[in-house]
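In what follows, a single structure is set out as structure tokens and then discussed.
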Amino acid sequence: MKDRLTEIGFAAGWRLVRTLPLPVARALFNAAADRAYKKNGPGTQRLRKNLAQVVGPEMPDSLVRDGLRSYARYWLEAFRLPSQSKQQFLDGFGIAPEHYDYIKTGVADGTGVILALPHVANWDAAAAWVVSNDWSMVTVAERLKPEGVFRQFVEYREKLGMEVIPLTGGERPPLDVLAERLGQSWIVCLLGDRDLSQRGVEVSFFGGTTRMPAGPAILAIRTGAPLYAVDLSFTPTQTYAVLRPVVPPTEGPLDERVKATTQLLADAYAAGIAEHPQDWHMLQKLWL
């Protein structure tokens, strides 16, 4: 019954939130974020600890409230994305012209592009912008529980125009599918700041040790496709992107090259998160 109620809740969110006037919806989601801040439940406490790791012991507690409001904005926008037009996807996203050219060149050269990013701002809006530029895109989805919620998220992202392959339980290993898509000049987008396998690469991150998935590094080394760490942040009207090139080393054993590349990604993620920590939506345990 709990799983069924969760499925119904997500389905209702996608149907009902998009029918509300935007100012009303925004006020409701901000109010929910403020209630979560005052309640100080486990997710809020974990966010506070994670942000303190980023900012340091002098972190103002208002940053936690701002972080919860940013997280609420992600969900508000995610629920409303399926009803938006291609032009709205394009207008709601910002990127510097030279960073746009990074992607355009990778697609035109036939290598494809690997975009790896942490859980910042609205990554679904970024994906909608990619496909609205008529580029083919594939991503990997964590197999959520209950299964009905996982299916809803897959359908939601497929409606935005991307191919979604499951992290586990698929017909083929995800890395094989992603490498094949890169060979077809596709864009591969991967969330890369949290290891779900417990077999990730240990990296230094904001003065602590954590694990991050090796997939982006392995793909870049295996295929030669350009790899970028993507930093997203919220402006009052847009999700804004900054791309930071990550160049894998070309010499040495494969495991050392994967580790070095993953550390370079972690450093690039940290540079963006430090600039706008409120937009980093990490409410789970991260550091070892």
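The values are calculated or read from the model by the stated rules, or taken from the named source; none is laboratory data. Fair warning: this is a prediction, and the values are worked out from it, not measured in the lab. Cβ coordinates were reconstructed from backbone atoms using ideal geometry, including for glycine residues, and neighbour counts include every protein chain displayed.
So how many residues does segment 56-82 have that are over 21 Å from the mean Cα position of the chain (by Cα) and either free of Cβ contacts under 8 Å to residues at least 12 places away in the same chain or over 18 Å from residue 31 (Cα atoms) (or both)? Residues meeting the conditions: 6. Within segment 215-251, the set of residues being of a type in the set (Gly, Ala, Ser) and within 20 Å of residue 271 (Cβ to Cβ) comprises 217, 220, 229, 233, 241. Candidates are the residues of segment 217-260 that are of a type in the set (Phe, Trp, Tyr) and surrounded by 20 or more Cβ atoms within 10 Å (Cβ to Cβ); the one that is farthest from residue 280 (Cα to Cα) is 228.
Taken over segment 142-173, residues that are modelled with pLDDT of 80 or more and either among the aromatic types (Phe, Trp, Tyr) or within 23 Å of residue 266 (Cβ to Cβ) (or both) amount to 1.
In segment 193-221, the residues that are over 18 Å from residue 176 (Cβ atoms) and assigned to a loop (DSSP other than H, G, I, E, B) form Cβ pairs under 6 Å with partners that are modelled with pLDDT of 95 or more and of a type in the set (Ser, Thr, Tyr), at six or more places apart or across chains, as follows: 193/269. Scanning segment 37-44 for any residue that is under 30 Å from residue 184 (Cα atoms), among the hydroxyl-bearing types (Ser, Thr, Tyr) and either part of a loop (DSSP other than H, G, I, E, B) or under 21 Å from the mean Cα position of the chain (by Cα) (or both) turns up nothing.
Please determine whether any residue of segment 106-122 is assigned to a loop (DSSP other than H, G, I, E, B), crowded, with 21+ Cβ neighbours inside 10 Å and small (Gly, Ala, Ser). Yes, there is a match, as at least one residue in segment 106-122 is assigned to a loop (DSSP other than H, G, I, E, B), crowded, with 21+ Cβ neighbours inside 10 Å and small (Gly, Ala, Ser). Residues of segment 54-93 that are crowded, with 16+ Cβ neighbours inside 10 Å, outside any helix (DSSP H, G or I) and of a type in the set (Gly, Ala, Ser): 92 alone. Please go through (1) at pLDDT below 95; (2) buried (at least 23 other Cβ atoms within 10 Å of the Cβ) for residue 269 and return the number of the only condition it doesn't satisfy. Here residue 269 meets the rest and fails (1).
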